[in-house]
1. Of 439, 449, which residue is in a helix (DSSP H, G or I) and modelled with pLDDT of 95 or more?
2. What about residue 466, is it assigned to a loop (DSSP other than H, G, I, E, B) and closer than 24 Å to residue 314 by Cα?
3. For residues that are part of a loop (DSSP other than H, G, I, E, B) and not small (Gly, Ala, Ser), scanning just the stretch 322-339, find the one that is farthest from ligand 2 (Cβ to nearest atom).
4. Of all residues being hydrophobic (A, V, I, L, M, F, W, C) and in contact with an Asp or Glu (Cβ under 9 Å, 6 or more places away or on another chain) in the stretch 186-214, which is farthest from residue 518 (Cα to Cα)? Just the residue, please.
5. Go through the stretch 487-532 residue by residue and tally those that are surrounded by 15 or more Cβ atoms within 10 Å (Cβ to Cβ), touching a residue at least 40 places away in the same chain (Cβ under 8 Å), more than 16 Å from ligand 2 (Cβ to nearest atom) and part of a helix (DSSP H, G or I).
6. Within the stretch 217-255, count every residue that is exposed (fewer than 13 other Cβ atoms within 10 Å of the Cβ) and closer than 22 Å to residue 206 by Cα.
7. Does the stretch 375-398 include one or more residues that are within 16 Å of ligand 2 (Cβ to nearest atom), touching a helix residue (DSSP H, G or I) at 6+ places or on another chain (Cβ under 6 Å), without any contact (Cβ under 8 Å) to a residue 60 or more places away in the chain and in a helix (DSSP H, G or I)?
8. Out of all the residues in the stretch 340-356, which are surrounded by 17 or more Cβ atoms within 10 Å (Cβ to Cβ), not in a helix (DSSP H, G or I) and not aliphatic (A, V, I, L, M)?
Amino acid sequence: MAPVELTGRPAAPGIALGRLARLPASGGASATRHGDAAAEASALTGAIDAAVRDLALLQKRNADDEAGAIVGFQIAMLEDDALRAPALRAIAQGEAAGPAWAEAVGAELAGYETAEDAYFRARATDLRDLRDRVLRHLAGAEAAAVPPGAILVADDLTPTRFLEADWCDGGGIALSAGAETSHVAMLARSRGVPMVVGLGKLMIEGHAMAALDGAAGRLVLSPTSDQRARFVREAGRLAAERAATQAGSAEPAVTASGQRIAILLNIAEPGELDTLDPAICEGIGVVRTEFLFHAAAAGLPDEARQYRVYRRIVEWAAGRPVTFRTLDAGGDKPIAGLTPAGESNPFLGLRGVRLSLARPDVFAVQLRALARTAAHGAVKVLVPMVTVPAELEAVRRLLREAVAEVSAAGLACAEPPVGMMVEVPAAALAIDRFDAAFYSIGSNDLVQYVTASARDIGAVAGLADARNPAVWRLIAEVVAHGRASGRAVSVCGDIAGKPEFVADLLAAGVTTLSLAPIQVGAVKAAVARVRI
Ligand code: PEP
Ligand code: MG
């Protein structure tokens with residue numbers, strides 16, 4: 001076959017070369033009856049129970065990380081009576097279990113599929129997945145296996161199908177539809193499985209082999225031997241680059257002129273730390289606690305659960321400081337049941353600390369969990385989206401109340417210092433008004449607000465440019481104020497993890513960088529090249 005080159009959108013970087021395997025589209029609901037209404041109802045309940053058992057097994061194999069949380073979301077949905085109730089009502093009126101279940105989930109799905117927000121649209125995949133799992137159990141059918149090492153082609157892929165496949169022998173994912181914000185894309189990135197989405201209708205008939213470049217969003221069907229050799233070379237180059245940068249990760253970051261730069265980590269969930277040596281960093285600069293709230297389909301996580309997760313992170317850090325950012329929901333990170341629906345401009349709406357202060361019931365739970373965690377290590381609290389000093393005051397007052405409540409209950413606790421994200425221009429421009437214990441510059445939001453260019457709109461990506469001098473003047477002012485007032489200043493936005501910005505950040509006087517674990521090696525290497 002002649003080679004066919006297709007371009008989609010990058011969802012997870014990496015190179016894969018392998019056999020093509022198409023994942024069959026899920027079949028419709030079989031109307032085959034199991035008996036009378038009582039037999040149909042018990043067939044449906046049995047199939048739901050069997051699906052929950054499958055998922056519980058999968059969750060056990062993937063405990064404590066993002067994957068476990070995704071599967072947990074599906075289990076919570078399946079166990080929710082509200083999802084099965086319409087199906088059981090239809091069965092009582094004479095409908096067969098399969099169509100009744102498909103319709104009940106379909107009604108729920110419609111809301112997700114048409115949601116304005118990409119996050120909710122991406123969750124529709126989870127619902128389709130659990131619908132099909134129950135339908136398979138009703139029909140007594142097995143899911144098609146994914147051959148190891150293959151490049152999997154499908155319209156879309158569910159997180160559980162991803163987790164059921166064995167990626168140890170490599171392989172990749174090429175999707176006609178799909179979204180880079182989906183859970184499965186997040187899993188693919190964290191497990192190093194290359195993935196391309198949005199490839200359009202994929203006609204692979206007659207093609208046996210393919211090559212996939214996840215970073216470039218490219219799929220080549222039936223690559224020529226020259227093309228294959230190029231992909232193999234690129235894979236080798238990436239592996240060598242990764243190995244070289246990882247090798248230097250455990251060494252401290254020191255400039256060519258001998259200045260030590262502190263490297264902190266940005267993490268979204270504790271599973272990211274499992275394979276990391278704490279010696280690669282001086283602590284954790286941002287725990288984006290939103291992840292805990294995203295995973296909680298059946299209500300927000302309670303104090304005990306938050307405390308358990310926070311404490312695990314503090315124990316990993318073994319005495320190094322850990323900065324927990326309070327819930328930064330809203331904007332591009334909506335949480336069902338918490339963030340307001342239908343805001344005309346969510347990035348300028350009720351997000352970050354604004355939402356926490358509007359929901360003191362939810363915020364108090366987080367502050368109590370943080371106060372308890374502070375009894376076990378050097379915990380700091382970081383407040384996102386601070387716009388006026390009164391917000392910091394309010395957080396400090398609520399934190400003091402949380403500490404008083406926890407200690408009145410006889411539990412160990414401490415009052416952590418409260419710092420602020422500097423990401424709203426009103427804060428950066430008048431930083432001397434803000435009496436925070438420390439400042440962390442969130443360049444991602446600072447850039448979007450300074451340039452009035454939303455961080456999630458591709459058409460204005462050119463304007464949302466972190467090199468804009470207005471952004472750098474603000475960074476320099478915040479650093480200068482930190483120095484003059486004896487407060488620590490770090491940068492935790494994406495620019496801190498990009499080697500090409502390191503020299504400018506150090507020249508602006510920044511001495512603490514907070515970045516994703518995967519970027520540590522490359523940033524330390526960039527620091528070593530700087531002479532100031
Ligand atoms: C930032 O805005 O730079 C930041 C670190 O926070 P987030 O990207 O989570 O908004
Ligand atoms: Mg931000």
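1. Working: 439 fails: in a helix (DSSP H, G or I).
Within the list 439, 449, the selection yields 449.
2. Values: assigned to a loop (DSSP other than H, G, I, E, B): yes; closer than 24 Å to residue 314 by Cα: no.
Here the answer is no, as residue 466 does not meet what is asked.
3. The extreme case among them is 338.
4. Within the stretch 186-214, the match that is farthest from residue 518 (Cα to Cα) is 202.
5. 10
6. Looking only at that region, the number is 4.
7. Within the stretch 375-398, one or more residues are within 16 Å of ligand 2 (Cβ to nearest atom), touching a helix residue (DSSP H, G or I) at 6+ places or on another chain (Cβ under 6 Å), without any contact (Cβ under 8 Å) to a residue 60 or more places away in the chain and in a helix (DSSP H, G or I).
8. Scanning the stretch 340-356 gives 351, 352.
The values are calculated or read from the model by the stated rules, or taken from the named source; none is laboratory data. Everything quoted here is computed from the prediction, not taken from an experiment. Glycine also receives a Cβ, built like all others from the backbone with ideal geometry; neighbour counts cover every protein chain displayed.
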